[in-house]
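Since the structure comes first, as structure tokens, the remarks are kept for the end.
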Amino acid sequence: MANKLAVIKTGEQIITKVEEMILEDKVVGYFFIKPCVVNTSEPIVNKESGGASFDIKLAPWIPLGKGTRFPVPLDWIVTFIAVSYTHLRAHET
């Protein structure tokens, strides 16, 4: 089980633990464990340095869903990428 940043068809970015959903020796989807949607503010550009910053907020992906393990069909996954915990921690309050 690995932590990933998933992008799904809706464009949502979701931080979650991921498990393969296997049927007849074939991956047919993934289980998202304790998924959270990543919401970001509009970038604030620093005119002096040319850099930009933004705020990050995490919210439960399906807040009214029962349990912590949610099935997602394979055709709804756009991509998985590694989570940058360094950047995530830099935005913690």
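The values are calculated or read from the model by the stated rules, or taken from the named source; none is laboratory data. From a predicted model like this one, the values you see are computed outputs, not experimental measurements. Here Cβ is always computed from backbone atoms with ideal geometry, including for glycine, and neighbour counts include all displayed protein chains. These accessible areas exclude ligands, DNA and RNA; they are computed on the full protein's heavy atoms, side chains included. Shrake-Rupley method; radii C 1.70, N 1.55, O 1.52, S 1.80 Å.
Got a sec? Which of 62, 22, 33, 15 is among the aliphatic types (A, V, I, L, M) and in contact with a helix residue (DSSP H, G or I) (Cβ under 9 Å, 6 or more places away or on another chain)? Break it down stepwise before answering.
Numbers: 62 fails: in contact with a helix residue (DSSP H, G or I) (Cβ under 9 Å, 6 or more places away or on another chain); 22 fails: in contact with a helix residue (DSSP H, G or I) (Cβ under 9 Å, 6 or more places away or on another chain); 33 fails: in contact with a helix residue (DSSP H, G or I) (Cβ under 9 Å, 6 or more places away or on another chain).
Answer to the selection: 15.
Being aromatic (Phe, Trp, Tyr) and more than 18 Å from residue 85 (Cβ to Cβ) is the requirement here; does residue 31 meet it?
On the way: aromatic (Phe, Trp, Tyr): yes; more than 18 Å from residue 85 (Cβ to Cβ): yes.
Taking the combined requirement at face value, the residue satisfies it.
I'd like the residue in the range 12-33 that is within 10 Å of the chain's Cα centre (by Cα) and free of Cβ contacts under 8 Å to residues at least 60 places away in the same chain and, out of all such residues, is surrounded by the most Cβ atoms within 10 Å (Cβ to Cβ).
16
Which ones in the range 34-76 are more than 11 Å from the chain's Cα centre (by Cα), modelled with pLDDT of 95 or more and open to solvent by less than 40 Å² (accessible area, probe 1.4 Å)?
Hits for the range 34-76 are 70, 72.
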